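What follows is a set of notes on a single structure, which appears directly below.
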Amino acid sequence: MTRVSPIASTIDYRLSTMTNSNKPAFPLEWQALVEQAANVLRELALDEEAKARFCSDPMLRPFMHRVARRYVAGQTTPDALGRVSQINARGHAASAEYMGESCRDESRANAETEVFLALIGAISEGDLNCSVSLDLSHIGSVIDPELGFLNARKIARVAAASGCEVMISMEGSDRADNIYHTYARLHADPGLANVGITVPAKLHRSAQDLPKLMKYPGRIRLVKGAFLEPAHIAYERNSPELAACYRRFAAELLTSGHKCSIATHDRSIQEDLTNLIMQQNLFGRRHYEFESLIGLGTEQLDDLQRRGFPTREYAVYGEEYFLYVLNRIAEEPIRLYQALVDIMAPPMYPRPAR
């Protein structure tokens, strides 16, 4: 039996109740410092030199592993597929993402593309209910947009032949034009209706982008947006303006009948949208789903599934978890305390349930 520290249990409980309530996790007089800490983490997440050091330094890497394992399904494809199988067993669809971004070597981008192809093959062989998600910059788009497109098309065609959905993730706003352009090019092929796209509500431009993207048949994954962006082009992460914008975009997607994923852990938004679904008689339709990330919204997702709403849990894996994990902590800076617990006393704390 794994020994669980009473301190760990107390911290896990407090984190759960504080981060899932509508009340600030910290006293109001701390909020400016909390926001500053979150932005520093988001800025650090984009530092490619820091990423290379933390993920490869033999002294730092073990500590990063201890923090990451709460949010990451593992390092290998078999690790991820094991987690996907468990997600399916709980009644949820899954999405698997082999993590990586900003690849600047063509041979490596092509090799990483082969990993995605193998992942699709394994999902098909295991008859798993699982989509595949990816960053275009992982497969070459920052080297050459054409390379990113060709590798994305290769992945999408193999996935289509297997009946697998492919979701393109959003990256920083400076890459949005190329991401949306590549998405449109993929949909010029009528056989690639299986390709979906991620739209961040926080970017002001999304008000114009969303109607254009809804002209394509792919699923739209609506997120708040985790990346650090300038104030003149994006809403603040925890602002009421962003929450209102997210609700508006989600309502538009739900009532339009367009395939969509409502990807948020915000309980109040989830409740508002489930009410809308019931009021608009959308409950029996299956064009929508609620989505959560592993390690974050598990209980909420299980509750939505028990109530009959379609659900999906998103599992990331691989060695390049630096950006992902820092953005997860930045979303709820109180998770810094959990990270300290995971780093300083790992033998006393169980791995999160798989």
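Within segment 278-305, residues that are open to solvent by 40 Å² or more (accessible area, probe 1.4 Å) reach partners that are part of a helix (DSSP H, G or I) and modelled with pLDDT of 95 or more with beta carbons closer than 8 Å, at six or more positions or on different chains, in the pairs Gln280/Leu254; Gln280/Thr255; Phe283/Ile277. When segment 112-133 is filtered for residues that are touching a helix residue (DSSP H, G or I) at 6+ places or on another chain (Cβ under 8 Å), open to solvent by 60 Å² or more (accessible area, probe 1.4 Å) and assigned to a helix (DSSP H, G or I), only Ala118 remains. When the criteria are applied in full, Val84 fails the requirement of being farther than 19 Å from Ser292 by Cβ and of a type in the set (A, V, I, L, M, F, W, C). The residue of segment 56-87 that is surrounded by the most Cβ atoms within 10 Å (Cβ to Cβ), among those that are in a helix (DSSP H, G or I) and without any contact (Cβ under 8 Å) to a residue 60 or more places away in the chain, is Leu81.
Of the numbered criteria (1) under 19 Å from His287 (Cβ atoms); (2) surrounded by fewer than 18 Cβ atoms within 10 Å (Cβ to Cβ), the one Val166 fails is (2). If you filter segment 98-122 down to residues that are charged (D, E, K, R) and over 18 Å from Gln75 (Cβ atoms), you find that the one that is nearest to the chain's Cα centre (by Cα) is Arg104.
In segment 244-265 there is no residue that is open to solvent by 20 Å² or more (accessible area, probe 1.4 Å), more than 27 Å from Gln280 (Cα to Cα) and over 20 Å from the mean Cα position of the chain (by Cα).
The residues in segment 210-227 that are of a type in the set (A, V, I, L, M) and either open to solvent by 60 Å² or more (accessible area, probe 1.4 Å) or without any contact (Cβ under 8 Å) to a residue 40 or more places away in the chain (or both) can be counted, and the count is 1.
Answer with yes or no whether Arg90 is without any contact (Cβ under 8 Å) to a residue 40 or more places away in the chain, among the basic types (Lys, Arg) and either open to solvent by 30 Å² or more (accessible area, probe 1.4 Å) or farther than 22 Å from Gly218 by Cα (or both). In short, no. Within segment 261-291, being touching a Lys or Arg at 6+ places or on another chain (Cβ under 8 Å) and assigned to a strand (DSSP E or B) holds for Ser261, Ala263, Tyr288, Glu289, Phe290, Glu291. Can you say whether Asn238 is closer than 30 Å to Asp57 by Cβ, polar (S, T, N, Q) and modelled with pLDDT under 95, as far as the supplied structure shows? Judged against the criteria, Asn238 is not a match. Here is a check on your reading of the model: is Gln208 farther than 23 Å from Glu165 by Cα and either within 19 Å of the chain's Cα centre (by Cα) or of a type in the set (Ser, Thr, Tyr) (or both)? No: the conditions fail for Gln208. Within segment 189-205, the residues that satisfy the criterion of being open to solvent by 40 Å² or more (accessible area, probe 1.4 Å) and either of a type in the set (D, E, K, R) or within 26 Å of Lys224 (Cβ to Cβ) (or both) are Asp189, His204, Arg205.
The values are calculated or read from the model by the stated rules, or taken from the named source; none is laboratory data. No experiment lies behind these values; they were computed from the predicted model shown. Every residue, glycine among them, receives a Cβ derived from its backbone with ideal geometry; neighbour counts consider all protein chains shown. What goes into the accessible areas is simple: the full protein's heavy atoms, side chains included, and nothing from ligands, DNA or RNA. Shrake-Rupley method; radii C 1.70, N 1.55, O 1.52, S 1.80 Å.
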